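Here's the structure we're looking at; comments come further down.
Read the figures in this text as sums done on the coordinates, not as results from a lab. Keep in mind it's a predicted model, so treat the numbers as computed, not measured. Using ideal geometry, Cβ is built from the backbone for each residue, glycine included, and neighbour counts are taken over all protein chains shown.
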């Protein structure tokens, strides 16, 4: 059947082209129908390699389908559909085209069967998504987008170098298990790690996502990091180093999230925290852990999207996103408030919400495999994520002190998109079997036993109690207008300043060197002229340059005169 | 956050009701520790009130450490904006002094939200 040959990125790229030439309702219809049609088609596609051809000496497989890639393929379609509905009111063609291309690139990357195809989509992800940041059209979004692009392209270049090494070592470009052996393994690991926001390589995310447009951030939060999670799950399952990296990723961002004022940046930090859970799962590498990582990625796309959408609605309606400016919005934005709380409950992994059914798999796997301290860190991070994403986000935006802002709920398309995401969050939470049936491994895991439910509920309620207690005691840090230094300080401040100082010193040395050289040269000339003063008084005097020029002019004039009379 | 549908948090007694509801839930959950028999995978889980205590202490430590981090990580809002300037301490104090939200609102530059009506 010819339909089988259509890789999912193609409809999105065609959609992008159409979106560039159409306007109004027609464009909206095209944009909404593409993820629907593409998803229905994907549902019918069996596993296997559907497209391959030889390129130089290598077999390329731009379209390979298996359970792992299908999971990400499905959720990317859901995410694209929700985000497109959310952005239907936007009339900026640049954003709509970039969003379609970006979603297509994400799909292309997860169905890439070889490293070269993966590299192409890896770079396309960077180049298409940066326009969603630049589309904000502010000075700060421009520079943040630039930094984002540089880091993403760097990741791509490292991936290409790793791919070349891989081809040399293995004689094949097939994207399967890679492992940390040889230069290729490490280079590709670093490339994936940068896109996955590993600690110290995470600032592109917290820097750029809050600078993107209201709708752009919703797209951004869904694809880039999840493609990296998918790549790690395929290339490096069971790599123990990932357990420690992931545990660090779950813990350190929550400290920054507690003191951050920009609520979308709080969500960016919590995105790193959630990706940390997935990375731990991939690092453990058992069937249960991998299932947990993949299903958590699936759920995270939806509930993180929902949270970004609710904060986007606040920004869209009020023009503000800092916690210090907001508060009391529940009075006039009741629907957004409820939807935001559904997202907050999901990310906090409340029983009956989607986060619970996936995160608990990673936690159980950590305990089963003897990672006791890692389990304690994950438990701390679970309490912490409830603290900053579950309570802080809704509390400072919709409750807290009354900011006096009285804005209504956002346009209907935004509400509808949030509603779809919220329904999915609850549906997956209540009926996880549907999600589990799509997973690569069959583990027979049941999240709803009394022990798990009680433990998680106790943890969350007492975290809430801690919040209340700290607030009543006045110990909770108030929202302050501020910038908090993070690792990006190194390349945004320390390096430029150090370079500036080094150049200043070099310039000084250079200046002094030139000065002394010229002075010495002068002395030499004076010395020579004095020395020959005795020989010829007329010739070796220190004449000014002007007189020299004058005499040259006189001689030339004489030549001219002579040539005329000749 | 459970009964946000009342829209009446302007009344202190409603806030108080919500807090009482939270306290009762916490007490009930703690009491359930006696009733429900856990099948545990780790010895720490056997300790009475392990999860509640860990959640509470964890969050308090989190907030206290984060607050302490502010002492050396916090810079004025426009820290990265004014690249040429070196004396940040002065600007920083000004920001802290005028922290009052309402005072600052008028000064705030209008931020493009991005979904502008550009039809390129």
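Taking the beta-carbon count within 10 Å as an exposure proxy, list A:38, A:172 from fewest neighbours to most. Before the final figure, lay out the partial values.
On the way: A:38 26, A:172 14.
The most exposed by this proxy come first: A:172, A:38.
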Under a plain spin-label model, where a point goes 7 Å from the Cα along Cα-to-Cβ, how far apart in nm are residue A:559 and residue B:78? 6.3 nm
With Rg and the Kirkwood Rh both taken from Cα atoms, where does Rg over Rh land for the range A:194-255? 1.00
Taking the alpha carbon gyration tensor of the range B:37-83, what are the square roots of 5 times its eigenvalues, largest first, to the nearest whole Å? 41, 10, 7
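Applying 1/(1 + (r/R0)^6) with R0 = 51 Å to the Cβ-Cβ distance of residue A:52 and residue A:91, what FRET efficiency is obtained, to the nearest 0.05? Intermediate values should be presented prior to the final figure.
Numbers: r = 41 Å, r/R0 = 0.80.
Using R0 = 51 Å, I get an efficiency of 0.80.
Send over the Kirkwood Rh of the range A:442-554, from the inverse of the averaged 1/r over different Cα pairs, rounded to one decimal Å. Show your work: numbers first, answer last.
Details: mean 1/r = 0.0420 Å⁻¹.
Taking every pair of different Cα atoms in the range A:442-554, averaging 1/r and inverting gives 23.8 Å.
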Can you give me the convex hull volume of the Cα atoms of the range A:107-175, divided per residue and expressed in Å³? 55 Å³
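From the square roots a ≥ b ≥ c of the eigenvalues of the alpha-carbon gyration tensor of the range A:279-397, which class results: rounded (a/c under 1.5), prolate (a/b over b/c), or oblate? Intermediate results must be reported in sequence, preceding the final value.
On the way: a/c = 2.96, a/b = 2.35, b/c = 1.26.
Prolate shape, in that a/c is at least 1.5 and a/b is the bigger ratio.
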Packing-based order for A:173-181, A:489-497, A:85-93, using average beta carbon neighbours within 10 Å, highest first: A:85-93, A:173-181, A:489-497
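Tell me the Kirkwood hydrodynamic radius of the range A:238-291 in angstroms, computed as one over the mean inverse distance between distinct C-alpha pairs.
Values: mean 1/r = 0.0886 Å⁻¹.
When all Cα pairs of the range A:238-291 are included, the Kirkwood radius is 11.3 Å.
Tell me, in nm to one decimal, what length is gained between residue A:186 and residue A:566 on full extension, where the rule is 0.36 nm per residue of separation less the Cα-Cα distance? Write down the numbers at each step before the final one.
Numbers: separation 380, 0.36 × 380 = 136.80 nm, distance 8.31 nm.
Using 0.36 nm per residue and subtracting the Cα-Cα distance, I get 128.5 nm.
What's the extension gain from residue A:502 to residue A:514 if we count 0.36 nm per residue and subtract their Cα-Cα distance? Before the final figure, lay out each step's value.
Values: separation 12, 0.36 × 12 = 4.32 nm, distance 1.81 nm.
Taking 0.36 nm per residue and subtracting the Cα distance, the gain is 2.5 nm.
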What share of Cα pairs, in percent, lie more than 47 angstrom apart in the protein assembly as shown? 25 percent
Plugging the Cβ-Cβ distance of residue A:174 and residue A:26 into 1/(1 + (r/R0)^6) at R0 = 41 Å yields, to the nearest 0.05, a FRET efficiency of 0.45
Measure out, as a whole number of angstrom, how far apart the alpha-carbon centroids of the range A:72-146 and the range A:406-485 sit. 26 Å
Considering all projection directions equally, how large on average is the shadow of the alpha-carbon convex hull of the range A:182-288, in square nanometres? 6.7 nm²
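Between residue A:416 and residue A:524, what length comes free when the chain is fully extended (0.36 nm per residue of separation minus the Cα-Cα distance, one decimal in nm)?
Taking 0.36 nm per residue and subtracting the Cα distance, the gain is 30.4 nm.
Please report, largest first and rounded to whole Å, the three semi-axes of the ellipsoid equivalent to the range A:448-509, where each semi-axis is the square root of five times an eigenvalue of the C-alpha gyration tensor.
Details: eigenvalues 494, 66, 8 Å².
For the range A:448-509, the semi-axes come out at 50, 18, 6 Å.
Ordered by packing density, taken as the mean number of other Cβ atoms within 10 Å over each peptide's residues, highest first, how do A:476-483, A:350-357 rank? Don't skip to the answer; put the middle values down first.
Details: A:476-483: 18.9, A:350-357: 24.5.
Going by the mean number of other Cβ atoms within 10 Å, highest first, we get A:350-357, A:476-483.
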Nitroxide proxy distance, nm - points 7 Å out along Cα→Cβ at residue B:71 and residue A:446: 5.1 nm
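Suppose a student asked you for the relative contact order of chain A, using Cα pairs under 8 Å spaced at least 6 residues apart; what percent would you report?
Details: 891 pairs, mean separation 71.5, N = 566.
It comes to 13 percent, rounded to a whole number.
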